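Reviewing the structure listed below.
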Amino acid sequence: MVTASDVEVKLKEKLDAADVTVIDTSGGCGASFDVAVVSDAFNGKMLIARHRLVHDALAELMPDIHALSIKRCWTKAQQAAATQQAAPAAAAAGTS
Amino acid sequence: MEKGELVEFPEQPAVYAVYNKDDQIQYIGLTRKINVTVSNHLRDVPESTAAVRYELLPDASRDALTGAWKAWMEEALSETGNIPPGNAPGETKWQSRSARPKADIKLTAGKAINVPIETLIDQVVKSNKVVAFVKGTRSQPQCGFSHKMMSILNDMRTDYEVVNVLDDFHNPGLRDAIKQYSQWPTIPQLYIGGEFVGGSDIVEQMLGSGELQLMLRGESK
């Protein structure tokens, strides 16, 4: 059985990922995951190439995974930009 | 009979005629649900849909419906001397596309043939503009991701082909062969203009960014 932490460890190891979120959507049987990855391995790569990197990183686990939904493949710069955009909104919410 | 305003139509069978803003008849149709059909026309041919005249036929039999349609058609013929442009042979803008869904592509007739499956995949991908390899069929997807991909293509009113990887009788070995072909480990897979585009996550994100729309119109790259 594949666990969410197996997936997370693989992605961190193979993609030198700065941030990895893995959600087990299978209800516990380890067959279905949503993943979001932040890594500089994605720098300068098209979305399809980024997904290929994620597939390659998980190649050993893929035979036991039924469904893999890649929600996000960000570079560190993209994550920083997104956090910055969200920050003013969060600050505004805090004052209300 | 008064021409109806384009406001609220009842959900009932009707025979109807559509007029453009110059009051010229464009199309005579027959429908089980006049409200749905009129909104489809407004979406598909807004420039020619200015007014609709209709007659509700709530409990009419199939023969009575076609009879009413013929009577309207003859009336239009005697008035204008022509059949309405939307009813011309070969005209497709006014006909509901969802009425007859396209059949899925089958790679073989179910008999053993000597052509490698990779060659058949290549042929289908190269000779059709948009092809989706999915689990299940258009009407019965057997996987949430396949369903999502086809829903996106349907919403965009894309003319696309479907190949069912689970149909091992007509498409023997396709489920694994397609993964080798694209070097992509999951299904569904979308191809546009002979090129592999991605799986359902990618298609969804490309829809969000507008890239998919450009690609389907052949404007990308």
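The values are calculated or read from the model by the stated rules, or taken from the named source; none is laboratory data. Just so it is clear, the structure is predicted and the values come from calculations on it, not from any experiment. Note: ideal-geometry Cβ built from the backbone for every residue, glycine included; neighbour counts use all protein chains shown. These area figures cover heavy atoms from the full protein model, side chains too; ligands, DNA and RNA do not enter into them. Shrake-Rupley method; radii C 1.70, N 1.55, O 1.52, S 1.80 Å.
Just the residues that are in a strand (DSSP E or B) and modelled with pLDDT under 90, please, taken from the range B:6-29. Break it down stepwise before answering.
Applying the first criterion (in a strand (DSSP E or B)) to the range B:6-29 yields B:14-19, B:25-29.
Of everything in the range B:6-29, nothing turns out to be in a strand (DSSP E or B) and modelled with pLDDT under 90.
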Those residues that are of a type outside the set (A, V, I, L, M), within 19 Å of A:Val9 (Cβ to Cβ) and open to solvent by 30 Å² or more (accessible area, probe 1.4 Å), I need them from the range A:40-69; list them, please. A:Asp40, A:Asp56, A:Glu60, A:Pro63, A:Asp64
Which residue pairs have Cβ atoms under 8 Å apart, sit 6 or more places apart or on different chains, and have a first residue in the range B:179-200 that is in contact (Cβ under 8 Å) with a residue 12 or more places away in the chain and a second that is among the acidic types (Asp, Glu)? B:Gln180/B:Glu118; B:Tyr181/B:Glu118; B:Tyr181/B:Asp122
How about the range A:17-39: which of its residues are touching an Asp or Glu at 6+ places or on another chain (Cβ under 7 Å), open to solvent by 30 Å² or more (accessible area, probe 1.4 Å) and not hydroxyl-bearing (Ser, Thr, Tyr)? A:Ile23
Hey, B:Leu120 of a type outside the set (D, E, K, R) and modelled with pLDDT of 95 or more or not: no
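Which residues, taken from the range B:194-206, are crowded, with 16+ Cβ neighbours inside 10 Å and either of a type outside the set (A, V, I, L, M) or more than 9 Å from chain A (Cβ to nearest Cβ) (or both)? Write out each step before concluding.
We begin by selecting, within the range B:194-206, every residue crowded, with 16+ Cβ neighbours inside 10 Å; these are B:196-206.
Hits for the range B:194-206 are B:Phe196, B:Gly198, B:Gly199, B:Ser200, B:Asp201, B:Val203, B:Glu204, B:Gln205.
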